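First up is the structure itself, then whatever we jot down about it.
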Amino acid sequence: MFFFFIASVALALQRRVYSQKTILPVRVPPALAYVIGVLPLGIIVGLIVGDLSIDWSGITVLSLFFMALFIGLFNWLVFEAAKKLNVALFQTIFQIQAVTAAALGWIFLGEGLTGLQMIGGALLLIGAVFAAQSYKLENKTKFKNSAVFIAVIASMSLGAGVFAEKVALSHVSLGAYFIVGFALQSAAICIIAYKDLRKLDFKSIPHTEWIDAVKMGVLNATIGFFFIYALNTADNVALVSLVSTFQMPLIAVAAFFILKEKEVGWKLALAIITAFIGLILTSL
């Protein structure tokens with residue numbers, strides 16, 4: 001998981017920088033990143049892995065559909081949230097994704113967690129709520145508070161998407177998922193951005209936009225490969241999702257030193273500490 005965490009830090013910083021400087025409509029950069037970054041790498045790695053078998057059934061179709069839907073929504077909303085919220089705040093709220101995935105795994109797959117892990121998950125959720133409340137107290141306008149709502153919906157969408165991925169991986173081989181799964185995610189984000197893509201003059205897009213989109217796509221795909229491999233080999237979707245949240249303190253520290261984002265008040269600091277204690281408990 002070492003490379004997963006490194007790629008997660010790099011993606012969070014790249015997404016934050018790109019979202020603030022792009023001149024394109026907010027739904028377009030994630031679509032470009034998928035089409036020119038995630039999808040090609042998914043096809044290449046899928047062919048290298050081999051074993052492109054798919055056990056087609058109603059469950060397979062439904063799980064792939066909801067996976068594409070929720071992860072497509074996530075990629076759009078997370079880019080919009082990154083544009084409006086500093087990295088530490090967003091990453092603290094983002095822990096809701098792990099709690100969502102764990103709850104769905106418990107309800108629909110009968111997966112269990114230890115008592116300490118359940119307490120850790122609860123602290124992750126409390127930390128996310130503290131973070132959202134700290135932002136609301138400091139920013140009274142509805143426009144700014146809408147960014148917190150977007151971040152919450154993005155996090156829940158990813159949690160639901162991860163759960164759907166786990167179900168799909170029971171019927172789709174790893175190699176086939178990298179090709180079919182990434183293709184469906186690309187299709188979903190392109191459908192979401194369809195109106196903006198139709199109006200876009202691709203020849204007028206600056207080359208820097210293409211470079212940033214490729215960077216974001218490559219990092220997104222890299223994280224996907226490691227996470228999906230772990231999800232495929234693990235028995236518990238909740239545990240994989242909770243362990244992945246260890247990226248939160250790493251990303252917050254990186255944003256502090258690299259992006260110079262130092263607007264961390266005592267309320268947000270309390271939220272980060274609470275969530276970090278939750279991370280430790282979920283690993284026990």
Lone unmet requirement of (1) aliphatic (A, V, I, L, M); (2) farther than 27 Å from V61 by Cβ; (3) at pLDDT 95 or above for A221: (2)
Qualifying position, being at pLDDT 95 or above and assigned to a helix (DSSP H, G or I), among V45, V9: V45
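This table checks each residue for (1) of a type in the set (S, T, N, Q); (2) closer than 14 Å to V162 by Cα; (3) out of contact with any Ser or Thr (no Cβ under 9 Å at 6 or more places or on another chain).
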position	(1), (2), (3)
M67	no, yes, yes
F70	no, yes, no
L73	no, yes, no
F79	no, no, no
I96	no, yes, no
W106	no, yes, yes
L109	no, yes, yes
G120	no, no, no
L125	no, no, yes
Scope the range 231-248; condition modelled with pLDDT under 70, part of a helix (DSSP H, G or I) and open to solvent by 10 Å² or more (accessible area, probe 1.4 Å); matching residues: L239, V243
Scan of the range 165-184 for residues that are open to solvent by less than 10 Å² (accessible area, probe 1.4 Å) and among the small types (G, A, S), ordered by number: A168, G175, A176, G181
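Identify, from the list L270, L281, the residue that is modelled with pLDDT under 75 and touching a Leu at 6+ places or on another chain (Cβ under 6 Å).
L281
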Residue list for the range 13-29, filter: open to solvent by 10 Å² or more (accessible area, probe 1.4 Å) and not polar (S, T, N, Q): L13, R15, R16, V17, K21, I23, L24, P25, V26, R27
L52 vs. criteria modelled with pLDDT under 95, open to solvent by 20 Å² or more (accessible area, probe 1.4 Å), among the hydrophobic types (A, V, I, L, M, F, W, C) and not in a helix (DSSP H, G or I): yes
Test: T60 is at pLDDT below 90 and of a type in the set (S, T, Y): no
Single residue of I71, I59, I36, I23 found to be outside any helix (DSSP H, G or I) and touching a residue at least 60 places away in the same chain (Cβ under 8 Å): I23
Residue match in the range 108-124 (condition: over 15 Å from V240 (Cβ atoms), modelled with pLDDT of 70 or more and buried (at least 18 other Cβ atoms within 10 Å of the Cβ)): yes
Residue among L69, L39, L64 that alone is of a type outside the set (S, T, Y), within 15 Å of T222 (Cα to Cα), buried (at least 19 other Cβ atoms within 10 Å of the Cβ) and out of contact with any His (no Cβ under 8 Å at 6 or more places or on another chain): L39
Within the range 11-50, tally of residues that are among the β-branched types (V, I, T) and within 18 Å of the chain's Cα centre (by Cα): 5
Residues satisfying the stated conditions in the range 202-218, i.e. surrounded by 13 or more Cβ atoms within 10 Å (Cβ to Cβ) and part of a loop (DSSP other than H, G, I, E, B): I205
Residues within the range 185-201 that are part of a helix (DSSP H, G or I) and open to solvent by 50 Å² or more (accessible area, probe 1.4 Å), tallied: 5
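The values are calculated or read from the model by the stated rules, or taken from the named source; none is laboratory data. Not measured: the values here are computed from a predicted model. All Cβ positions, glycine included, derive from the backbone under ideal geometry; neighbour counts span all protein chains shown. Surface areas here come from the heavy atoms of the whole protein model, side chains and all, with no ligands, DNA or RNA. Shrake-Rupley method; radii C 1.70, N 1.55, O 1.52, S 1.80 Å.
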